[in-house]
Amino acid sequence: MASNNDPFEFREFEEDGNLLETNREATTIKIEDEDVKRQTKAPGFVHDAEDEYSAHSDDREELLSGQKKSAPFWTFEYYQKFFDIETHHVRERILGSLLPWPRKNFIQFYLRKNPDLYGPFWICTTLVFAVFISGNISNFMAGKYNPQFRKVTIAATMIFSYAWFVPLGLWGFLLWRNNKILNLVSYSFMEVVCVYGYSLSAYIPAVVLCIAPLEWLRWCIMVVAFGLSGSILVMTFWPALREDHPKVAMAMVSAIVLLDVVLAVVCKMYFFSRPGAPVAPPTSGLIKTNTSSS
């Protein structure tokens with residue numbers, strides 16, 4: 001029986017070999033492969049690669065559909081994306097604020113719908129210490145050195161309030177006018193804050209140069225700094241105001257310029273004021289009269 005069965009087995013393999021030789025491009029399917037495929041398709045079978053691919057595809061679909069949940073604005077995760085910026089982008093935006101050009105809107109040309117808080121935060125912080133240190137050095141050179149460390153708090157309150165509350169008011173006004181007039185250009189709050197933060201970069205070299213003891217030179221320096229900062233603000237927000245009523249647009253432009261002038265004047269008058277003549281204490285006169293009468 002064994003000898004009778006052997007030829008059938010060898011014939012079967014020989015037939016398969018002949019078929020493969022005649023058609024080498026043909027594919028063969030084994031029963032084991034079919035069993036494996038049935039097992040993979042059977043319910044309850046878990047495949048890690050397929051699950052991982054489906055998870056990635058689901059995330060990709062959420063990102064494309066815009067249904068990815070964002071963190072609330074009161075959490076650190078919400079503001080983390082505004083500090084994720086390259087150094088060359090910050091340098092480009094600083095140079096753009098120092099060299100204003102009428103045809104280059106700061107938000108459209110430099111921010112490109114990607115505002116950041118990294119640059120404005122460090123610009124404001126640098127300006128606070130630059131104002132304080134430069135003011136003390138100018139007083140020391142004038143022979144009236146009386147360091148007052150509370151001026152750091154005053155400078156920080158003044159500069160950071162200007163960089164946050166003024167953009168908040170302007171953004172609220174633009175949002176209110178945009179609801180009434182539909183064809184106005186709208187900016188986000190972070191874009192307005194970013195523009196105001198970078199506009200203050202012109203004051204950093206200005207306050208350092210104010211160490212010079214010449215009063216007229218200090219005023220000229222602050223006027224130049226105000227011109228650079230104010231021009232960036234006006235050229236950036238004028239497209240969002242020019243379609244409004246002419247009186248409203250001019251009133252808002254005047255308010256933007258006036259607040260910038262107030263910042264420049266306060267920095268000059270408070271931190272770089274001209275030293276006055278020393279005032280004698282009131283007790284010195286009483287001592288002289290007493291000595292003379294005696």
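Given a Förster radius of 35 Å and the C-beta distance between Phe173 and Tyr270 as r, what FRET efficiency does 1/(1 + (r/R0)^6) yield to the nearest 0.05?
0.80
Sum up the charges of everything whose Cβ sits under 14 Å from the Cβ of Leu170, counting Lys and Arg as +1 and Asp and Glu as -1, but leave Leu170 out.
-2
Which chymotrypsin sites (Phe, Trp or Tyr not before Pro) in region 105-161 sit in a loop by DSSP (not H, G, I, E or B) and have at most 14 other Cβ atoms within 10 Å of their own Cβ?
Those satisfying the criteria are Tyr145, Phe149.
Assign one of three labels to region 95-236, namely rounded, prolate or oblate, based on the Cα gyration tensor with a ≥ b ≥ c the square roots of its eigenvalues; rounded applies when a/c is under 1.5, prolate when it is not and a/b is larger than b/c, and oblate otherwise.
Here region 95-236 falls in the prolate category.
Of Met250, Met235, how do they rank once you tally other Cβ atoms within 10 Å and put the fewest first?
Ranking Met250, Met235 by Cβ neighbours within 10 Å, fewest first, gives Met250, Met235.
Compute the signed sum of charges (Lys and Arg +1, Asp and Glu -1) over the other residues within less than 12 Å, Cβ to Cβ, of Val234.
Surrounding charge for Val234 is 0.
Please arrange Tyr198, Tyr270 by counting, for each residue, the other beta carbons lying within 10 Å of its beta carbon, fewest first.
Ordered from fewest to most neighbouring Cβ atoms within 10 Å, Tyr198, Tyr270 come out as Tyr270, Tyr198.
Set the Förster radius R0 to 41 Å, insert the Cβ-Cβ distance between Val223 and Lys180 as r into 1/(1 + (r/R0)^6), and round the FRET efficiency to 0.05.
Approximately 0.70, to the nearest 0.05.
At 0.36 nm per residue, and after removing the present C-alpha to C-alpha distance, how many nm does the segment from Glu86 to Lys151 gain when stretched out fully?
Contour length minus Cα-Cα distance gives 20.1 nm.
Where a number appears in this text, it was derived from the coordinates with a stated rule and is not lab data. Computed from a predicted structure; not experimentally measured. Using ideal geometry, Cβ is built from the backbone for each residue, glycine included, and neighbour counts are taken over all protein chains shown.
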